[in-house]
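In what follows, a structure is listed as structure tokens, so that the remarks can point back to it.
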Amino acid sequence: MITVIKNGTVVTASETTRADVVIEDGKVSQIAAKAHVHPPGTSAGGQPSDDIETIDATGKYVMPGGIDAHTHLDMPFGGATSADDFESGTIAAAFGGTTSIVDFAIQYRGQGLRQAFETWLTKAEGKAAIDYGLHMIMTETSPSLLDEMDGMVREGVTSFKLFMAYPGVFMLDDASIFKAMLRARDNGGLICMHAENGGAIDELVRRALAAKNVDPKWHGLTRPSRLEGEATGRAIALAEVAGVPVYIVHLSAAEALEAVAEARDRGVPVLAETCPQYLFCSYEEHLAAPGFEGAKYVCSPPLREKWHQDHLWRGLARNDLQVVSTDHCPFCMAQKELGKGDFSKIPNGMPGIETRMYLLWEGVRAGWITPNRFVEITATAPARIFGMFPRKGTIAIGSDADIVIWDPEREVVLSHKTLHMKVDYNPFEGRTVRGGPSVVLSRGDVVVQGGKFLGKPGRGQFLRRNTRALG
């Protein structure tokens, strides 16, 4: 099959140009002002081919499909399981213009990395509608698990998430973190850090509950931004001494951003992501809403005061923040109600896999970022950082034809009733956005067009990723 996308404006992280894009065998074969397409019956190599399919992109942008490098599909947490599995979650991602994800396999205590890896492959196989990779969450760093890290890197699982929060569940002490960093230095893996001071937070939670402060807003009040800043600085210090890059996940606070920016200014290889909820939602307006309404917005780190948002947008514009992922981990309200009367039992997580690119385009419309920077933070940077570039994250000869035809004039009202995530609320309910995907292609196949899903569950392929590339 030959597909030609005609009359569009091709936008990559570095260039904007009027060009046609030709796709053969699932890959980009030509980018030209006027594409020369071989007649039906032959391909560039002289082999038989099917008819040519033409997609008219007049007035639209032709961009790389988004990469969401932080999702939690079919994930158990706090007595519940995230509402989207690999089928519903990846279909929702495709509707939002995302064509690849990197999810998290969890090594539970007493378990090996291989067992966790195979468990998550089983969750995804036969269900994922777009391509997917895996990070590995490590809850222990015994000598045998450190050895297994090397094997995971050879399997294409080249990033490892460690927690400074959730004592007794995920949290590692500094010595354990340091050991994992040293092993990553040797095998080329990338350490991803959840940076919050879990010990101090645990004590603040205990005191709040003892004082009968149980409403959802206390989730935020017991996880102050200063403790995120402290943990971020500590993670950077450990990585700097270990001589290894570090990637800070879901950064939410100005104090944490300051630690990242200061280290980057000194030449330390620190990378960081933020999430749409931290750019568009706030403690005052959402988490501190009356009654149990704030439970919809419980995530970790928590939503911050609105003034943090300006710092995060500047961080994105200045490249102190390199990526916007979602931390997509949705729970329906019946699951959230596990925490009625005790905010610490509310399952942490918000939906976002489908709305990420819609919302970030609002930043383009407001002039906070350019279209090229939009592509960088949603596709190219995650592809580079997590070992998928140039197969993913750009439109170039030989790259996978993961492409979004973006209509800057398309208006969409965000609502859980019309979106495709399996959750009974949306954090941005009723918000009208302008700009969205009209056609989405995954490896050359049209998977979304005209508001319909044309792909199929199970067509997504596991992405064996290379070791870190921080350019």
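The values are calculated or read from the model by the stated rules, or taken from the named source; none is laboratory data. Predicted, not measured: the structure shown is a model, and the values here were computed from it. Methodologically, a virtual Cβ is constructed for each residue, glycine included, from the backbone with ideal geometry; neighbour enumeration extends over all protein chains shown. Ligands, DNA and RNA are stripped out before the accessible areas are found, and what is left, the full protein with its side chains, is counted by its heavy atoms. Shrake-Rupley method; radii C 1.70, N 1.55, O 1.52, S 1.80 Å.
Would you mind estimating how fast the range 406-447 diffuses translationally, via Stokes-Einstein at 4 °C and 1.567 mPa s with the Kirkwood radius over Cα pairs, in µm²/s? Intermediate values should be presented prior to the final figure.
Working: Rh = 11.7 Å.
In µm²/s, the coefficient is 111.
Pull up the DSSP beta bridges for the chain and report the antiparallel fraction as a percent, rounded to 5.
Antiparallel bridges: around 45 percent, rounded to the nearest 5.
Provide the net charge surrounding SER14, with neighbours chosen by a C-beta distance below 14 Å and charges set as Lys +1, Arg +1, Asp -1, Glu -1.
Neighbour charge sum, excluding SER14 itself: 0.
If you plug each phi of the range 329-334 into the Karplus form 6.51 cos²θ - 1.76 cosθ + 1.60 with θ = phi - 60°, what whole-Hz ³J(HN,Hα) values come out, in order, with x for Gly and Pro?
Couplings: 8, x, 10, 5, 5, 4 Hz.
Would you mind listing how long the range 42-146 runs along its three principal axes, going by Cα atoms, in whole Å with the largest first?
Dimensions of the range 42-146 along the principal axes of its Cα atoms: 55, 31, 22 Å.
In the set [x] 22.4; [y] 23.8; [z] 23.2, which value of Kirkwood radius over Cα pairs in Å was calculated from the structure you see?
For Kirkwood radius over Cα pairs in Å, the calculated option is [x].
Explain nothing, just compute: Karplus ³J(HN,Hα) = 6.51 cos²θ - 1.76 cosθ + 1.60, θ = phi - 60°, for every residue of the range 391-405 in order, whole Hz, x for Gly and Pro.
Karplus values, whole Hz, x for Gly and Pro: 4, 10, x, 8, 10, 8, 4, x, 6, 4, 7, 8, 9, 10, 8.
What net charge is computed for the residues neighbouring ALA128, neighbours being all others with C-beta under 12 Å from the C-beta of ALA128, Lys and Arg scored +1, Asp and Glu -1?
Counting the neighbours of ALA128, the net charge comes to -3.
Determine the shape class of the range 262-351: with a ≥ b ≥ c the square roots of the Cα gyration tensor eigenvalues, call it rounded for a/c under 1.5, and otherwise prolate if a/b is greater than b/c, oblate otherwise. Kindly include the intermediate steps, with their values, before the conclusion.
Numbers: a/c = 2.84, a/b = 2.15, b/c = 1.32.
Because a/c hits 1.5 or more and a/b exceeds b/c, the range 262-351 counts as prolate.
Which Cα, out of PHE386, ALA184, LEU359, lies furthest along the positive dipole direction of the chain (beta carbon charges, K/R +1, D/E -1)?
LEU359
Relative contact order for the chain using alpha-carbon pairs under 8 Å, separation at least 6, rounded to a whole percent?
Here the relative contact order equals 21 percent.
Once amide H atoms are placed 1.01 Å from N in the peptide plane, what residues at a sequence separation of 5 or more from ARG431, or on another chain, have their amide H within under 5 Å of its amide H?
Amide H neighbours of ARG431, under 5 Å, 5+ apart: LEU414.
Run the numbers on the range 135-278 and let me know its relative contact order in percent, using alpha-carbon pairs under 8 Å that are six or more apart.
The value is 21 percent.
Take the alpha-carbon positions of the range 120-222, form their convex hull, and give its projected area averaged over all directions (one quarter of the hull surface) in nm². If you can, show how the numbers build up before the last one.
Working: hull surface 34.9 nm².
So the Cα hull casts an average projection of 8.7 nm².
Quick one: accessible surface of TRP361, probe radius 1.4 Å, all protein chains present, in square angstrom to the nearest 10.
Here the accessible area works out near 10 Å².
Could you give the dipole magnitude of the chain about its Cα centre, charging the beta-carbon of Lys and Arg +1 and that of Asp and Glu -1, in debye to the nearest 20? Display every interim value, and only then the final one.
Numbers: 49 positive and 57 negative charges, 36 e Å.
The calculated dipole for the chain is roughly 180 debye.
Based only on the alpha carbon positions, what is the Kirkwood hydrodynamic radius of the range 395-471, in angstrom?
15.1 Å
Given only helices, namely DSSP H runs of n ≥ 4 each adding -39500 (n - 2.57), what is the per-residue ellipticity at 222 nm of the chain, to the nearest 500 deg cm²/dmol?
Mean residue ellipticity, 222 nm, calculated: -8500 deg cm²/dmol.
With Cβ to Cβ distances under 14 Å as the rule, what net charge do the other residues near PRO457 carry (K, R +1; D, E -1)?
Counting the neighbours of PRO457, the net charge comes to -2.
Taking amide H positions as placed in the peptide plane 1.01 Å from N, state which residues far from THR54 in sequence (5 or more) or on other chains have amide H under 5 Å from it.
Sorted by chain and number, the residues that satisfy this are VAL4.
List the residues, sorted by chain then number, that are 5 or more residues from VAL62 or on another chain and whose placed amide H is less than 5 Å from its amide H.
THR9, VAL10, VAL11, TRP406
For the range 326-471, what is the relative contact order in percent, using Cα pairs closer than 8 Å and at least 6 residues apart in sequence?
Details: 217 pairs, mean separation 32.1, N = 146.
Reported as a whole number, the value is 22 percent.
Output ³J(HN,Hα) for the range 19-29: one whole-Hz value per residue in order, computed from phi by the Karplus curve 6.51 cos²θ - 1.76 cosθ + 1.60 with θ = phi - 60°, and x for Gly and Pro.
For the range 19-29, the Karplus curve yields 6, 8, 10, 9, 10, 9, 6, x, 10, 6, 10 Hz.
How long, wide and thick is the range 297-414, going by the Cα atoms along their three principal axes, in whole angstroms, largest first?
So the extents along the principal axes, rounded to whole Å, are 56, 31, 30.
If the limit is 26 Å between Cα atoms, which of LYS336/LYS392; LYS296/LYS417; LYS123/LYS179; LYS345/LYS452 go over it? Could the numbers behind the result be given before it?
Numbers: LYS336/LYS392 36 Å; LYS296/LYS417 16 Å; LYS123/LYS179 30 Å; LYS345/LYS452 37 Å.
Exceeds cut-off: LYS336/LYS392; LYS123/LYS179; LYS345/LYS452.
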